[in-house]
1. What tally of residues in region 381-411 results from selecting those that are within 15 Å of ligand 4 (Cβ to nearest atom) and not polar (S, T, N, Q)?
2. Of the numbered conditions (1) within 30 Å of ASN384 (Cβ to Cβ); (2) assigned to a strand (DSSP E or B), MET122 satisfies every one except a single condition; which is it?
3. Report the residue count in region 146-155 for those that are in a loop (DSSP other than H, G, I, E, B) and touching a residue at least 24 places away in the same chain (Cβ under 8 Å).
4. Of all the residues that make up region 348-372, how many are in a loop (DSSP other than H, G, I, E, B), more than 16 Å from ligand 1 (Cβ to nearest atom) and either under 27 Å from ARG10 (Cα atoms) or of a type in the set (Ser, Thr, Tyr) (or both)?
5. Would region 202-216 turn up any residue that is assigned to a loop (DSSP other than H, G, I, E, B), more than 25 Å from TYR94 (Cα to Cα) and of a type outside the set (Lys, Arg)?
6. So, in region 328-362, exactly how many residues are more than 16 Å from ligand 2 (Cβ to nearest atom), under 9 Å from LEU211 (Cα atoms) and not hydrophobic (A, V, I, L, M, F, W, C)?
7. Quick one: GLN194 ticks every box in (1) in contact with a Leu (Cβ under 9 Å, 6 or more places away or on another chain); (2) surrounded by 17 or more Cβ atoms within 10 Å (Cβ to Cβ) except a single one, so which number is it?
8. Between a residue in region 370-395 that is assigned by TED's automatic domain parsing to the domain that holds ALA334 and more than 21 Å from VAL106 (Cα to Cα) and any residue that is in a loop (DSSP other than H, G, I, E, B) and among the basic types (Lys, Arg), which pairs come within a Cβ distance under 7 Å, given they are 6 or more apart or on different chains?
Amino acid sequence: MSTLQVDGERLLGRLKALGEVGRDAEGRLVRLAATDADKAGRDLTAAWLAEAGLEVMVDRIGNLFGLWRPSGCAEQAALMLGSHIDTVRDGGIYDGAYGVLAGLEVIQSLMAAGFAPARPIMLVAFTNEEGARYAPDMMGSLVYAGGLAVDEALAARGEDGTVLGAELARIGYAGALEPGFVRPHAYVELHIEQGPVLEREGLPIGVVESLQGISWRRVTFTGRANHAGTTPMAMRRDAGHAAAVAIAHLRELAAASGPATVATAGTLRLEPNVINVVPRLASFTVDLRDPDDARLAAAEAALEAFLADLAEREGLSLTVEVLARFEPVVFDEAICQRIERAAEARGLAFRRMTSGAGHDAQMIARISPAAMIFVPSQGGISHNPREHTEPEQLVAGANVFLDVVAGLVSE
Ligand code: GLV
Ligand code: MN
Ligand code: MN
Ligand code: MN
């Protein structure tokens, strides 16, 4: 059993404090990327990083770094620990924040123990992991890994008409560093599972060995606005009706693809959005995921064919915009084995698993060995204010993280 221990009270206290930053008038947690709420969350996090003695830095895409670079090992490639502090609308307090604050806790615990690392540790809060305001999701880590040009990302226009680069500058988090300025020795991310597997099996630790593919599209049907009372049913070019049919079809599409395929229409917009007008325009998003890339591609093709056929039958024009497309990722086997050994040494039962959610680790895996640690989510609920993990489970996960990090910076 490791003699190192995180300060559980400090970790839980910080999670609670950050979880209060970005509450709207109704008390909902809304810390969308590059908003005033995000700025407040970043300011608090940056203050904790500085207080811990870390070198605080920001890159051009707004990724926030805390670097521990003891003089003896400054030239070695850094171990990177990270996640995000942006949230979805009406989200929970653990998604992302847990990984960042536990990373800080791990570094502070190593410092307090007088631990002399053989390489620097760089903690990162990546910009816009959620993609709830700007697509694609996992944007800060994608840019960091070289998968998207920084200028292209900064030009992203949000659901609310804002431009990410201007918003980052406005909140004071448009840094000068080029993303990717350090190629990590390895990357580890601790996160809540956000699904039901660990709780159902009574396991405190998930060793995340892979992450499923993600496909995001915006589908827009355009027809003709007309009077709801006078237009015979056969004469309508009703974009709203087509959207309803297409959204309902997602269930069949997923079922036909297989039990691992999931499909969601999370947003819907009608124009002119008036009770007595046949909708001229209907726009909705599709989130399609599958651990198998060939099956995901087949489901995408089936969706496109269905939409084209539907538009033609209904006399509508159709546009389909790909907002994000990420292949499934297999994480680093050696890091997974380290996580298993760390859990075992602390007497914590674990299983290997695939992540259903997207994470920054999947982007950083392009440039570095990477893996993730999961802790259980009560009821499998996330992206919801009821997101919860028991305090002991949060602390246990952070201690496994601590041991994995200690091992990775010992060599
Ligand atoms: C992000 O949380 C995602 O998996 O969509
Ligand atoms: Mn997350
Ligand atoms: Mn999330
Ligand atoms: Mn996520």
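The values are calculated or read from the model by the stated rules, or taken from the named source; none is laboratory data. Since we're looking at a predicted model, the values are computed, not measured. Every residue, glycine among them, receives a Cβ derived from its backbone with ideal geometry; neighbour counts consider all protein chains shown.
1. Within region 381-411, the subset within 15 Å of ligand 4 (Cβ to nearest atom) is 381-384, 387.
This time we only want the ones that are not polar (S, T, N, Q), so: 381, 383, 387.
Residues in region 381-411 being within 15 Å of ligand 4 (Cβ to nearest atom) and not polar (S, T, N, Q): 3 in total.
2. Of everything listed in (1) within 30 Å of ASN384 (Cβ to Cβ); (2) assigned to a strand (DSSP E or B), MET122 misses just condition (1).
3. Restricting attention to region 146-155, the residues satisfying the condition of being in a loop (DSSP other than H, G, I, E, B) are 146-149, 155.
When the remaining residues are screened for being touching a residue at least 24 places away in the same chain (Cβ under 8 Å), the result is 146-147.
The number of residues fulfilling the criteria is 2.
4. Initial filter on region 348-372 (in a loop (DSSP other than H, G, I, E, B)): 348-349, 356-359, 365-369.
Checking the rest, the ones that are also more than 16 Å from ligand 1 (Cβ to nearest atom) come to 348-349, 366-369.
Adding the requirement that they be either under 27 Å from ARG10 (Cα atoms) or of a type in the set (Ser, Thr, Tyr) (or both) leaves 348-349, 368.
Selection size over region 348-372: 3.
5. Let us first name the residues in region 202-216 that are assigned to a loop (DSSP other than H, G, I, E, B), namely 202-204, 212.
Now drop any that are not more than 25 Å from TYR94 (Cα to Cα), which leaves none.
Within region 202-216, not a single residue is assigned to a loop (DSSP other than H, G, I, E, B), more than 25 Å from TYR94 (Cα to Cα) and of a type outside the set (Lys, Arg).
6. Matching residues across region 328-362 total 1.
7. Every condition holds for GLN194 apart from (1).
8. Pairs found: PRO385/ARG28.
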